[in-house]
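Participant: First, the structure itself, so that you have it in front of you.
The values are calculated or read from the model by the stated rules, or taken from the named source; none is laboratory data. Here the structure is a predicted model, which means the values were calculated and not measured. Note that we place each Cβ from the backbone using ideal geometry, even for glycine, and neighbour counts take in every protein chain shown. All accessible areas refer to the heavy atoms of the entire protein, side chains included, with ligands and DNA or RNA removed. Shrake-Rupley method; radii C 1.70, N 1.55, O 1.52, S 1.80 Å.
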Amino acid sequence: MTKFTDLNLNPKVLKAVEEAGYETPTPIQAGAIPPALEGKDVLGIAQTGTGKTASFTLPMITLLARGRARARMPRSLVLCPTRELAAQVAENFDTYTKHLKLTKALLIGGVSFKEQDKLIDKGVDVLIATPGRLLDHFERGKLLLTGVQIMVVDEADRMLDMGFIPDIERIFSLTPFTRQTLFFSATMAPEIERITNTFLSAPERVEVARQATTGENIAQGVVMFKGSRKDREASEKRKVLRHIIDAEGDKCTNAIVFCNRKVDVDIVAKSLKKYGYDAAPIHGDLDQSQRTRTLDGFRDGTLRFLVASDVAARGLDVPSVSHVFNFDVPSHAEDYVHRIGRTGRAGRDGKAIMICVPRDERNLADIERLVQREIPRLDNPLAAQKASAEPVKAAETTEQEDKPKRSRSRSRKNDEAPQPEKPPVTEAANDAGDAPVQDKKAPSEEPKRSSRSRSSSRGKAGGDRGGNKVVGLGDHTPEFIGLSFKERSTG
Ligand code: AMP
């Protein structure tokens, strides 16, 4: 079996790898590092959780260890679709460059241009950026890309979903033809294939198995659920979620709860909190400091439930998530793979449970086609509860049932967060307050989405499926994308 020491990495990089506790390269690392060190282009087909970040950072650092950066001319460039992913890549660089003197700058929205300009002016070895922000800097004349020797595109399929492909093509064209390109994508959509054919030169193709879909270490299940009445479905669905969580008990040390829409991320997080669960939301409309705080809390174990949208959670590296709860069936089957890939990382066991309402059954069928397996049907915990209690008419079983349960102490041993001081309000009250918000907010997100439609791929990403509600990335694209676009177009 290949060891890191067999890989010809710079000894100071090796030392940092050892100190990080890694001995054996993962398959994507073993496959991508040698050709990258030889200066070849690499096309890595791998998703997060496979160790792909180190598969490009380690050879990059080794190659950049010699030489010095010049003012405003970064020597390498890493493009990431989201701020969080960019920040994570930056952390990787910090870890592996600790014994070397390499400089880096992170260009992401939500951080002042001034600070970033200062760093670039001094000259950086590694520039890590989201595409919009990079082009903003470029257009302000603060940055030259003609010194880029190595360019990395990370999570290209997500770039496609977010409409970044025209930006990526433009950035490619601003860098020297002779650059080395390391290109990573979880899937090879035709548009991605086209880009790689255009901009990569005889790449070494390294493909690793879809860890999440084939991983036997992730137990999967779906609860088929139909609300007793249409107007109660949302609150009953949240109740189903609570029951699922409770049924997992102490086995659920921490979890990411995925919703399709930002508005639902907020509602579900608020609702869980009201019921005494330690939960916080993360999505693109929250300000950066709040997102960072929430993520830090989740990483260090002080926050137990992270309620997230796809884009916000994409690529997040939280090594020990015991559970993923899909509050909604994702409308893009690919997202299911990414979502459940948050658990069962690095060989640990994980569990992924999804709630499916009738209108999402088509999307569920798409997912099962993609992962080529049937996701086991689990009993609806509400139905089980009803069966064991007095027969009650479905329409009558809403909040009242839950009240005594809430006063009972829940098995939350791992959850250090204090119980709320106020008794939680009922879902009915919650709904009364929240439902209008949802109705008010939804339409306002629509124009934002269309104003950001920078490529034809957006239409695909936000597309309706079989008359279902329109969900998907359009609702989740971080606000900064819209902002940077506006700034550019006005000046
Ligand atoms: P990534 O796919 O880059 O998001 O990495 C997923 C996780 O695997 C991160 O927590 C890394 O720190 C970890 N990791 C990276 N390389 C290795 C390795 N060779 N052995 C074990 N874990 C690793």
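Participant: Arg194 is checked against (1) without any contact (Cβ under 8 Å) to a residue 12 or more places away in the chain; (2) more than 30 Å from Lys40 (Cβ to Cβ) and fails just one. What number does that condition carry?
Facilitator: It is condition (2) that Arg194 fails.
Participant: Kindly provide the set of residues from segment 290-315 that are assigned to a loop (DSSP other than H, G, I, E, B) and open to solvent by 60 Å² or more (accessible area, probe 1.4 Å), ordered by number.
Facilitator: Answer for segment 290-315, where residues must be assigned to a loop (DSSP other than H, G, I, E, B) and open to solvent by 60 Å² or more (accessible area, probe 1.4 Å): Asp300, Thr302.
The rows are residues; the columns are (1) surrounded by fewer than 17 Cβ atoms within 10 Å (Cβ to Cβ); (2) closer than 25 Å to Leu370 by Cβ; (3) out of contact with any Cys (no Cβ under 8 Å at 6 or more places or on another chain).
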residue	(1), (2), (3)
Arg194	yes, yes, yes
Asn217	yes, yes, yes
Lys230	yes, no, yes
Ala279	no, no, yes
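Participant: For Thr213, work out the one condition from (1) more than 25 Å from Glu139 (Cβ to Cβ); (2) open to solvent by less than 70 Å² (accessible area, probe 1.4 Å); (3) at pLDDT 95 or above it doesn't fulfil.
Facilitator: If we test Thr213 against (1) more than 25 Å from Glu139 (Cβ to Cβ); (2) open to solvent by less than 70 Å² (accessible area, probe 1.4 Å); (3) at pLDDT 95 or above, just (3) comes out false.
Participant: Hey, can you tell me all the residues within segment 134-161 that are open to solvent by 20 Å² or more (accessible area, probe 1.4 Å) and assigned to a loop (DSSP other than H, G, I, E, B)?
Facilitator: Of everything in segment 134-161, those that are open to solvent by 20 Å² or more (accessible area, probe 1.4 Å) and assigned to a loop (DSSP other than H, G, I, E, B) turn out to be Arg140, Gly141, Lys142, Leu144, Thr146, Gln149.
Participant: Can you pull out every residue in segment 23-70 that is hydroxyl-bearing (Ser, Thr, Tyr), near the ligand (Cβ under 7 Å from one of its atoms) and crowded, with 22+ Cβ neighbours inside 10 Å?
Facilitator: Thr48, Thr50, Thr53
Participant: In segment 1-13, which residues are open to solvent by 20 Å² or more (accessible area, probe 1.4 Å) and within 12 Å of the ligand (Cβ to nearest atom)?
Facilitator: Narrowing segment 1-13 to residues open to solvent by 20 Å² or more (accessible area, probe 1.4 Å): 1-3, 5-6, 8, 10-12.
Of everything in segment 1-13, those that are open to solvent by 20 Å² or more (accessible area, probe 1.4 Å) and within 12 Å of the ligand (Cβ to nearest atom) turn out to be Met1, Thr2, Lys3.
Participant: If you scan segment 71-88, which residues turn out to be open to solvent by less than 10 Å² (accessible area, probe 1.4 Å), at pLDDT below 95 and farther than 18 Å from Gln290 by Cα?
Facilitator: Pro81
Participant: Have a look at Phe164, Phe183, Phe199, Phe177 and point out the one that is surrounded by fewer than 17 Cβ atoms within 10 Å (Cβ to Cβ) and of a type in the set (A, V, I, L, M, F, W, C). Explain how you work it out, then say what you get.
Facilitator: Details: Phe164 fails: surrounded by fewer than 17 Cβ atoms within 10 Å (Cβ to Cβ); Phe183 fails: surrounded by fewer than 17 Cβ atoms within 10 Å (Cβ to Cβ); Phe199 fails: surrounded by fewer than 17 Cβ atoms within 10 Å (Cβ to Cβ).
Exactly one of Phe164, Phe183, Phe199, Phe177 is surrounded by fewer than 17 Cβ atoms within 10 Å (Cβ to Cβ) and of a type in the set (A, V, I, L, M, F, W, C), namely Phe177.
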